[in-house]
Amino acid sequence: MFDALRNRFRFTCPDHDVEVERPLSSFRQIARLAGPTHPPSYRVVYACSACGGEHAGLVSEYALDCAAIAPPVDEAGTFLNLVTGRHEPVAGELADLAERQLRKGNWPWTFFCACEHDVRPGYPSRLRLIAPAAGSDLVGVAVSCATCGEVSVNIVSQRHLDQPFFHDPVLRYVERPLPPGADIVARFRHELWSGRFDDERNRFAA
């Protein structure tokens, strides 16, 4: 389901019946499914590289938020250690890297919360909508703050989403959160293309 070395989610294109590997920035919608909370699951809509369309898939919360930095040992595979000449598990190396970064106060993902007027740690499962900018590596995201729960609109680079612990030096955001109860898709598109964006230097950058 997830390739920890390449940070890619694996799906099957229903039109061509082939496996595709897609980064987080290729997702378009993420919604938690009603039902069991342990473990929670999410319905995602992703842009397919095989047919050019959009398809729905199921992803666990663990795969979204943890697999990129601490994958299960039996799913992560191995890498060739050039020092020892042996194939060694990837999971331990990624977990060690994540621990060192977290001790420095560097979170895997960050977003700007318009309600709290601050940069906050974020998680992929908190993303609601993702929209790419034509002819650019920028993407607009509607993200629910892990602290207050309000939904903010940010513009970030694809790398900001796809590479844990990499942060854009400056986050662009709409100065107010999306109003509760609003049609989030329509409001997101309106705010995204309104051009009313402020800049915030990302204080979580390493």
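The values are calculated or read from the model by the stated rules, or taken from the named source; none is laboratory data. Quantities reported herein were computed from a predicted structural model and do not represent experimental measurements. Counting neighbours? That spans all protein chains shown, and the Cβs are built from the backbone with ideal geometry, glycine included.
When segment 88-131 is filtered for residues that are closer than 24 Å to Leu192 by Cβ and among the β-branched types (Val, Ile, Thr), the ones remaining, listed by number, are Thr110, Val119, Ile130. Just to be sure before I move on: is Ala98 farther than 21 Å from Leu161 by Cβ and either buried (at least 16 other Cβ atoms within 10 Å of the Cβ) or under 15 Å from the mean Cα position of the chain (by Cα) (or both) in the structure I sent? No; evaluated as a whole, the condition is false for this residue. Of the strands (runs of 3 or more DSSP E) that lie entirely inside segment 144-206, those containing 2 or more residues that are within 15 Å of the chain's Cα centre (by Cα) span 151-157. For segment 93-115, the criterion of a residue being β-branched (Val, Ile, Thr) and within 25 Å of Cys148 (Cβ to Cβ) is satisfied by at least one position. Yes or no: segment 161-175 includes at least one residue that is surrounded by fewer than 20 Cβ atoms within 10 Å (Cβ to Cβ), assigned by TED's automatic domain parsing to the domain that holds Glu116, among the aromatic types (Phe, Trp, Tyr) and within 26 Å of Asp65 (Cα to Cα). Checked segment 161-175: at least one residue is surrounded by fewer than 20 Cβ atoms within 10 Å (Cβ to Cβ), assigned by TED's automatic domain parsing to the domain that holds Glu116, among the aromatic types (Phe, Trp, Tyr) and within 26 Å of Asp65 (Cα to Cα). Would you check if there is a residue in segment 74-90 being crowded, with 22+ Cβ neighbours inside 10 Å and not small (Gly, Ala, Ser)? So far as segment 74-90 goes, no, none of its residues is crowded, with 22+ Cβ neighbours inside 10 Å and not small (Gly, Ala, Ser). Among the conditions (1) in contact with a Ser or Thr (Cβ under 8 Å, 6 or more places away or on another chain); (2) assigned by TED's automatic domain parsing to the domain that holds Ala131, Glu19 misses just one, which is (2).
Against the definition (out of contact with any helix residue (DSSP H, G or I) (no Cβ under 6 Å at 6 or more places or on another chain) and not small (Gly, Ala, Ser)), how does Leu129 come out, yes or no? In short, no.
The residue that is farthest from Leu80 (Cα to Cα), counting only those in segment 26-46 that are touching a Lys or Arg at 6+ places or on another chain (Cβ under 8 Å) and of a type in the set (Gly, Ala, Ser), is Ala31. Residues that are part of a loop (DSSP other than H, G, I, E, B) and under 23 Å from Leu94 (Cβ atoms) were ranked within segment 6-24; the one that is farthest from the chain's Cα centre (by Cα) is Arg6. In segment 58-73, the qualifying residues are those that are surrounded by fewer than 18 Cβ atoms within 10 Å (Cβ to Cβ) and at pLDDT below 85, and the one that is nearest to the chain's Cα centre (by Cα) is Pro72.
Of all residues in segment 87-128 being part of a helix (DSSP H, G or I) and of a type in the set (S, T, N, Q), which is farthest from Asp65 (Cα to Cα)? Restricting to residues being part of a helix (DSSP H, G or I) and of a type in the set (S, T, N, Q), the top hit is Gln101. When segment 27-57 is limited to residues that are among the hydroxyl-bearing types (Ser, Thr, Tyr) and surrounded by 13 or more Cβ atoms within 10 Å (Cβ to Cβ), the one that is modelled with the lowest pLDDT turns out to be Ser41.
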